[in-house]
Amino acid sequence: MKPVTANPDFSHAALDEEQARRCRSISVVVPCYNEAANLDRLLPRLITALVALGLQWEILLIDDGSRDDTARELTRWSQRVPGVRALLLSRNFGKEAALSAGLDHTAGDVVVLMDADLQHEPELIAPMLLRWQAGIDVVYARRKDRSDEPLYKRAFTRLFYRLLNATSRRVHVPADAGDFRLMDHKVVMALRALPEHNRFLKGMYAWVGFRSEELPYMPAARTAGRSSYNLHNLISLSLNGMTSFTTWPLRASSVLGMVMAALGFLYGLYLIVSYRLFGSQVSGWTTIMVSLMLFCGVQLVSLGIVGEYLARVYEEVKRRPLYVVRDSLGQGLGSAVTSTPGTPTSGS
């Protein structure tokens, strides 16, 4: 099925009666890390978009150990607005863990994942839901281009997805598709059943399968704060993706080892033939040192790759929980919401 584009006519259109019978409730999961300045901008728009659908809804806000006033803001919204829930994690577990916590606590017929920085516009939920009504299990937002990003990030991202999709078996992870997506309840249940601790959700979405369709979009400018995804975090996420969905690095180190062994054998053969033809010659110190350094480097790189996989096995066998919930606030689905609540007043 061809990709669809967001139709602005759908942004505040309620579903008709026939469609409403198919979808009774919707859950929206929003992970938050130092997003206190964005919540008063995001939540009124998100609530308006959900009310316009004419469905029961809940917004599940996950505080991933924020260091600013995010927890206080989430507490304020969850206490004053029916339908808004807050899960406060005991510390910073990372975005993948925060999203997983949200998936574990949702109850809607469909679940939407989105960021709190307003780069994922709430008005896109309506066209996503219409594609779900047409029989699509997963509707994911895919950015049209990355021209607004630094050159190094675009090049790194392009290389990562090419390597991942070229080496993973039977799983294709769409490039430029993030966590902003709508999923059927059965997709959420499939994701809950995956037990791994080191989670690369973009790959897990693809692994569980189901009928999927992209929704092209361009992310809006971030309204406040700054992204916590620096180069170090991107590299760490890429390593998790590679080691979770492909054994290509292990195979590459094995192939490199065999190539280096073959070169060493050929060089040894060359020395034997040279000795037979020309007699004993003084060995070059530079050749010996370069060869030793090259072989030692290959061995250390290979050990490092094995160590990356072994470290992930070590994390898995400990069976520690993926996250710890410090507090759960507010009411979600089960409390009917029929009108757009106003912005809560200040206070805790």
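Measuring with a 1.4 angstrom probe and ignoring ligands and nucleic acids, R24 comes out at about 150 Å² accessible. For region 178-184, the Karplus equation 6.51 cos²θ - 1.76 cosθ + 1.60, evaluated at θ = phi - 60°, returns couplings of x, 8, 6, 7, 10, 10, 5 Hz by residue, with Gly and Pro reported as x.
Tell me the label-point distance for the pair V306, T157, using the 7 Å Cα-to-Cβ offset, in nm and rounded to one decimal. It works out to 3.6 nm between the two label points.
Distant-in-sequence amide contacts of L215, defined by a placed amide H-H separation under 5 Å and a gap of 5 or more residues or a different chain, comprise Y140, A141, R142.
Once fully extended, how much extra length lies between R320 and A252, figured as 0.36 nm per residue of separation less the alpha-carbon to alpha-carbon distance?
Numbers: separation 68, 0.36 × 68 = 24.48 nm, distance 3.11 nm.
Fully extending the segment from R320 to A252 adds 21.4 nm.
Placing dummy labels 7 Å off each Cα toward the beta-carbon, the span from S328 to V259 is 5.3 nm. In straight-distance terms, cross-link reach from K153 covers every one of the lysines whose alpha-carbon lies under 23 Å from its own, apart from those fewer than eight places away in the same chain; here that gives K95, K144, K202. Among V173, V301, the sequence by solvent-accessible area, most first, with a 1.4 Å probe is V301, V173.
Which FRET efficiency, nearest 0.05, do D68 and R22 yield, Cβ-Cβ r, R0 45 Å? According to the calculation, E is roughly 0.65.
R0 = 41 Å: FRET efficiency of N92 with E123, Cβ-based, nearest 0.05?
0.85
Rounded to the nearest Hz, the phi-derived 3J(HN,Hα) couplings of region 85-102 under the Karplus curve 6.51 cos²θ - 1.76 cosθ + 1.60 (θ = phi - 60°) are 10, 9, 10, 9, 7, 6, 6, 7, 9, x, 5, 4, 5, 5, 4, 5, 4, x, where x marks glycine and proline.
Here the peptides 307-315, 53-61 are ranked by packing, the mean other Cβ count within 10 Å, and the order with the highest first is 53-61, 307-315.
The values are calculated or read from the model by the stated rules, or taken from the named source; none is laboratory data. From a predicted model like this one, the values you see are computed outputs, not experimental measurements. Using ideal geometry, Cβ is built from the backbone for each residue, glycine included, and neighbour counts are taken over all protein chains shown. Heads up: the accessible areas ignore ligands, DNA and RNA and are worked out on the full protein's heavy atoms, side chains in. Shrake-Rupley method; radii C 1.70, N 1.55, O 1.52, S 1.80 Å.
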